[in-house]
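What follows draws every value from the coordinates through simple rules; no lab data is involved. Given the structure is predicted, the values throughout are model-derived calculations rather than measurements. Note that each Cβ is placed from the backbone with ideal geometry, even for glycine, and that neighbours are counted across all protein chains shown.
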Amino acid sequence: MARSKVAVVGGGPAGCVAALTLHKLGHDVEVFERETFPRYRIGESLLPGTMSILNRLGLQDRIDAAGFVKKPSATFLWGQDQAPWTFSFAAPKINPWVFDHAVQVKREEFDQMLMDEARSRGIPVHEATTVTGVDVSAADSVTLSLRRADERWDVTADYVIDAGGSGGPLSRKLSVRRYDEFYRNFAVWSYFKLPDPFTGDLAGTTYSITFEDGWVWMIPMKGGLYSVGLVVDRSRAAEVREMGAEAFYRATLPKAKRAMEILGDAEMVDEVRIVQDWSYDADHFSAGRYFLCGDAACFTDPLFSQGVHLASQSAVSAAAAIDRMTANPGESEAVHAWYNRSYRDAYEGYHQFLASFYTFASLTEPESEFWRQRRITESDDDRLVRRQWFDRLSDGDESAAVADFHDRAATMIHIGKHQRQELSDEFSEAELDAARVRWISGLTQRLNSISKLVWTGSKVLLKPHYKVEPLSMRLEPVHVLANDADEDLTQYVMGEAERQVFQELAEENFGYRALVKKLGAIGKQEISAQLVTRLMEAGLITGFDSAGEKVVIQGRLHFGGVGVEYEV
């Protein structure tokens with residue numbers, strides 16, 4: 001088997017997960033970390049998809065032994081006078097690597113655990129080692145310039161992964177970073193001594209709570225600590241400089257009354273910290289012999305705790321890409337195209353989710369600079385010119401598209417809404433079942449009302465794509481459905497049998513029930529509703545009822561790391 005030598009910049013979650021995956025795939029890898037662990041980091045709330053990755057990399061015993069707080073859900077007090085709502089991670093365990101929970105971690109402990117595991121498997125990890133330069137100009141290698149104390153030396157490798165965080169050296173050198181004009185936020189946070197006040201189904205949940213000037217995160221952690229952060233508009237930066245971070249924090253936090261109801265008279269037990277370089281992506285995420293992962297590639301507002309998951313997912317993807325390119329050098333261009341596409345799709349999924357939820361809250365909160373700047377009311381918003389999801393939203397009937405965009409957050413909130421206006425230990429996840437059943441029933445009725453389905457374009461094609469095999473973590477070539485306008489659906493692997501069914505649809509325009517029957521005949525009945533819904537969301541098919549009226553399936557907010565389908 002062909003082996004590559006890979007240099008990984010950064011020993012955080014992205015760097016260690018990349019190194020562990022490369023090691024699993026049989027490659028030689030070294031990690032270079034500029035700091036000495038343990039060291040402090042923010043980003044303490046994980047998603048189930050991250051648990052899945054770590055489980056398949058063999059870290060479950062270490063995670064269990066660490067005793068981190070179990071996180072069953074994310075709970076939002078989102079919008080003034082709105083009842084709490086909970087996004088539950090409950091999911092059927094259709095595979096051993098599907099998780100119905102995540103954990104809340106102290107990053108210094110969590111990151112040390114990952115680094116220790118890498119070392120235990122024989123991966124060289126160099127701490128207190130700064131990467132002062134990365135040369136990617138050669139066609140067949142990369143060179144890193146390194147410094148540790150007074151020692152300087154160079155290392156040559158076949159590939160490099162920059163997982164060096166927001167200050168990643170290759171990311172800086174390439175000048176590919178693009179800051180986001182929509183999420184012009186910064187965060188100020190500290191820690192309080194407060195045992196989790198909830199013992200029922202809310203125990204361990206993360207809270208996101210809006211108030212006039214922004215929103216608050218509240219994360220219960222082991223040892224009876226709560227991480228409490230303010231997310232406010234960047235225009236407040238001058239005020240912070242004038243007052244000082246702690247004075248600003250102490251003056252602003254009490255405005256978030258529902259957060260204060262949870263905190264009560266809890267004592268602040270740590271310094272106040274601040275971060276300003278908030279939301280950005282990159283012109284591209286990989287090329288030639290290099291890959292950008294985690295915060296070196298992109299970061300967006302952490303409302304849904306996606307930071308560590310994006311880091312871990314991109315790390316596995318980069319490692320799998322290098323493995324595929326090593327064995328099949330002729331596929332390098334296609335593999336880079338897959339990595340850039342899949343990473344951008346994941347990032348944009350979170351970006352769209354956040355924009356919808358910000359817009360929803362902005363219509364309920366008092367007028368303030370923060371909420372005015374987080375509202376989307378028209379489809380020519382200059383702040384979103386680089387967002388592919390916004391381009392798709394702007395197609396067709398613009399006013400209807402913007403209204404539908406607002407409704408997406410409202411629909412999700414309605415499904416998870418508590419029966420009480422205030423947080424209560426009486427809350428049970430079972431009380432959300434009725435709303436879920438109503439939503440699924442309504443969707444089923446709309447699908448069943450479709451008597452004619454029209455394929456966009458004249459041809460149904462099988463387009464080459466890649467998928468990371470969940471257990472081996474190797475990148476495997478697959479095919480997905482596409483049309484002759486190069487529109488596609490990458491979430492489902494499809495073959496010739498599926499293509500023929502949809503080609504029949506393109507030629508005959510039969511209805512939903514007939515399509516389900518045909519899909520059942522080739523073993524796809526179990527996913528038929530999800531597949532049709534996704535195809536409609538992607539614009540590949542359009543449904544009409546018996547009166548010739550278009551059947552609208554409300555576009556859903558999709559994001560990675562939850563449910564039963566993981567990207568890697």
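Each peptide in 73-83, 433-443, 252-262 gets a packing score, the mean of other Cβ atoms within 10 Å over its residues, and the list from highest to lowest is 73-83, 252-262, 433-443. When the Cα atoms of the chain are aligned to their principal axes, the ranges along those axes come out at 76, 60, 45 Å in descending order.
Sorting 523-536, 194-207 by average packing, meaning the other beta carbons within 10 Å per residue, from highest down gives 194-207, 523-536.
Exposure proxy ranking for MET1, MET412, based on other Cβ atoms within 10 angstrom of each Cβ and starting from the fewest, stands as MET1, MET412.
With K and R counted +1 and D and E -1, the other residues having a Cβ less than 14 Å from that of SER332 yield a net charge of -3.
Among residues other than VAL493 with Cβ under 10 Å from its Cβ, the summed charge is -1 (Lys and Arg +1, Asp and Glu -1).
Please enumerate, by chain and number, the aspartates and glutamates with C-alpha under 20 Å from the C-alpha of LYS452, excluding those fewer than 8 residues away in the same chain. Candidates past the 8-residue exclusion: GLU498, GLU504, GLU507, GLU508, GLU537, ASP545, GLU549. Helices that extend 24 Å or more along their long axis by alpha-carbon positions and average at least -0.5 on the Kyte-Doolittle scale are, among the DSSP H runs of the chain, 307-327, 398-415. The packing ranking, built from the mean of other Cβ atoms within 10 Å per residue, places the peptides 59-70, 300-311 in the order 300-311, 59-70, highest first. Give the shape of the stretch 418-547 as rounded, prolate or oblate, defined through the alpha-carbon gyration tensor: a ≥ b ≥ c are the square roots of its eigenvalues, a/c under 1.5 means rounded, and otherwise the shape is prolate if a/b is larger than b/c and oblate if not. Oblate, because a/c is 1.5 or more while a/b does not exceed b/c. Prolate is the label for the stretch 251-316, because the ratio a/c of its alpha-carbon gyration tensor axes (a ≥ b ≥ c) is 1.5 or higher and a/b is greater than b/c. Listed by chain and number, the aspartates and glutamates whose C-alpha is less than 15 Å from the C-alpha of LYS106, apart from same-chain residues fewer than 8 away, are GLU44, ASP64, ASP270. Summing Lys and Arg as +1 and Asp and Glu as -1 over all other residues whose Cβ lies under 13 Å from the Cβ of ASP140 gives a net charge of 0. Residues ARG273, ARG41 in ascending order of nearby Cβ atoms (within 10 Å, fewest first): ARG273, ARG41.
Summarising the amide proton neighbourhood of ALA282: residues at separation of 5 or more, or on other chains, whose placed amide H is nearer than 5 Å comprise ARG178. State which entries of LYS71/LYS417; LYS463/LYS550; LYS70/LYS257; LYS70/LYS93 exceed 22 angstrom in Cα-Cα distance in the structure shown. Beyond 22 Å between Cα atoms: LYS463/LYS550; LYS70/LYS257.
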